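The values are calculated or read from the model by the stated rules, or taken from the named source; none is laboratory data. Quantities reported herein were computed from a predicted structural model and do not represent experimental measurements. We place every Cβ from the backbone using ideal geometry, glycine too, and count neighbours over all the protein chains shown.
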Amino acid sequence: MNLYSSSTGTRQHSRRQGTRALVAASYILIALNLVQGVVLVPLYLRHIGEILYGAWLASGSIVSYLSLSDFGLNSVIIQKVAEAYGARDLPRLGRYLGSGLVMSFFLSSLPALGAITCASYLPYLLAVPATEAETLVTAFIIAGCATSLMILGHALGGVVCALQRQLVHGLIWIAATVIGLLITVTLLITGYGLMSLPLGALTQACIVVVLEGTVFWRLQKQIMPGASLKVERNTAFELMKLSGLMFLATGGDLLASKSDNLIIGVFLGPRAVLVFDLSKRAFGFLFLLATRFHEAFRPALAHFFGELHEKAASAKGLTESLIHIAGVAALVLMGGYVILDRTFVGLWVGSSFYAGDLVVILIGIYGCLSSQTFACYNIVFSRGRIFTIALANISQAMLYIALATVMARWWGLPGVALAGLVSLAATGWWILWRRYCLDFNVSWLEALRQMLPLLLVGIGILGIGIFLRQLAPPTTVMDFLFHCGCYLVATSMWVVLLDRRIRGFLVDIYRGRPLAFSRPI
């Protein structure tokens, strides 16, 4: 196979191989985050304390808000660079790279400045004891600095992915995460307490910036000989316009997904934050398992649509498969979460940290709906429909914050969970599905017909989970792991038996058939 394009001289890479690499790296990172966010939590509670750790979780919402200071520019750069690279337009590629990275460099300083400015107000906002206030303030400032570096690292890493070098990007993030995790554990054991967490994050961010920057510099020299980096005013204005919309999209997503701890902390206290967060911790990792597969397709889809131009609607079959797989994966994983979370939390940190069955059921339903919505988000984003994404996310965030603020005071933790489900269904899900149907000529009747098999699959999965739980309730860690294995085997067999689309997908993988967008670039 010829690895170089005769017209541009740029080296060709397979979208299929890049997507596989990004999928693999994503799941390795999920495993590492599982260690950090689940396995090490008892260590956090022992060395940090419940109240201070709960306050740290609540302050994490504010750190997430500070990360909005890139104004959505990084996501726009990824989409535009991948699209220009797919269209073989090297001059345009150079303008997007030069203008975008310079803008990202300046915007990345804002989280650190914001953390320094607002850190002193945290102890009063979260009612932290005076003896712990200084520690929380210092840790928050370090976390803000780490966020600044991470924004720059995401910009550089996003460009590397957009240029279809997902394998290198994935290896960098795996190495940085492992080293940051080791730093955190070492500092915890040696008595640094809460400071261990932001210092580990800061180490990870430094490694990401250095390595991603080095890789980008080499790529620019090797594969883009016809494109010089150029800062151009018109391109910068174009990126600013689109990033303004993406800021609303990213901001809405963060406000909808990261505000719960802050709202609970303000109205119900740090202890309630800890209970809600620990009960939801398994959901977070299972949701990543369900969504990282199709999220890894985003750079390749943007590149693919850049090649197809107006014919992008011809990829309808591929997009339908991605959405369907996301739905099936969410049903299997969220069903396990609803059935087993009480046992998981009890064995992990104690039953006193379990938020209740109703909260977990509402979160599980939210996860199923959100997974399919997120698949639509990735497809719509790859088409460049940034206004639609902004409208969906900001409307969802506004409705969620209003509902959660009222319902947290009225109904406690179940009210917060219900607010998330209602706001997603009424805004984000509806808007993104409507845009998807318009882009790919899918009627609402056809969309509902595609969802009916998922309903049947979900009923069977829930029945399997309840049967296994009643047959042999797990009481030890080994029983729990064995129960999880039996659940996954039984539900997977049910899905393969009942779902024709999943069977066809597995047969294609077994026979080595390429995906529709996997030809070399």
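Worth a mention:
Residue-wise test of (1) of a type in the set (A, V, I, L, M, F, W, C); (2) touching an Asp or Glu at 6+ places or on another chain (Cβ under 9 Å); (3) at pLDDT 80 or above; (4) surrounded by 15 or more Cβ atoms within 10 Å (Cβ to Cβ).
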| residue | (1), (2), (3), (4) |
| --- | --- |
| Gly100 | no, no, no, yes |
| Leu113 | yes, no, yes, no |
| Ala127 | yes, no, no, no |
| Glu132 | no, no, no, yes |
| Thr147 | no, no, yes, yes |
| Ile151 | yes, yes, yes, yes |
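- Taken over segment 146-205, residues that are more than 26 Å from Leu45 (Cβ to Cβ) and outside any helix (DSSP H, G or I) amount to 3.
For (1) under 18 Å from the mean Cα position of the chain (by Cα); (2) without any contact (Cβ under 8 Å) to a residue 60 or more places away in the chain; (3) outside the structural domain of Gly428 (by TED's automatic domain parsing), each residue gets a yes or a no:
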site	(1), (2), (3)
Leu318	no, no, no
Ser321	no, no, no
Ala329	yes, yes, no
Val338	no, no, no
Asp341	no, no, no
Val359	no, no, no
Cys368	yes, no, no
Ile379	yes, no, no
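- Counting the residues of segment 161-213 that are polar (S, T, N, Q) and closer than 16 Å to Ala143 by Cα gives 5.
- Pairing each residue of segment 429-448 that is under 16 Å from Asn378 (Cβ atoms) with any residue that is aliphatic (A, V, I, L, M) and surrounded by fewer than 12 Cβ atoms within 10 Å (Cβ to Cβ), provided the two are 6+ apart or on different chains, yields no C-beta distance under 7 Å.
- Inspection of segment 151-169 identifies at least one residue that is at positive phi and in contact with a Pro (Cβ under 8 Å, 6 or more places away or on another chain).
- Candidates Leu211, Leu167, Leu199, filtered to the one that is farther than 18 Å from Ile48 by Cβ and free of Cβ contacts under 8 Å to residues at least 60 places away in the same chain: Leu211
- Just one of the listed residues (Leu66, Leu110, Leu57) is closer than 22 Å to Gln204 by Cα and either in the same structural domain as Ile389 (by TED's automatic domain parsing) or free of Cβ contacts under 8 Å to residues at least 60 places away in the same chain (or both), and it is Leu110.
- Helices (runs of 4 or more DSSP H) wholly inside segment 411-521 that include at least 2 residues being more than 19 Å from Phe374 (Cβ to Cβ) and modelled with pLDDT of 75 or more: 413-423, 444-471, 477-498
- Every residue from segment 451-485 that is within 28 Å of the chain's Cα centre (by Cα), more than 21 Å from Ile365 (Cβ to Cβ) and surrounded by 13 or more Cβ atoms within 10 Å (Cβ to Cβ): Phe480, His483
- For Met493, the conditions (1) out of contact with any helix residue (DSSP H, G or I) (no Cβ under 6 Å at 6 or more places or on another chain); (2) closer than 30 Å to Ala404 by Cβ; (3) of a type outside the set (Lys, Arg) all hold with the exception of (2).
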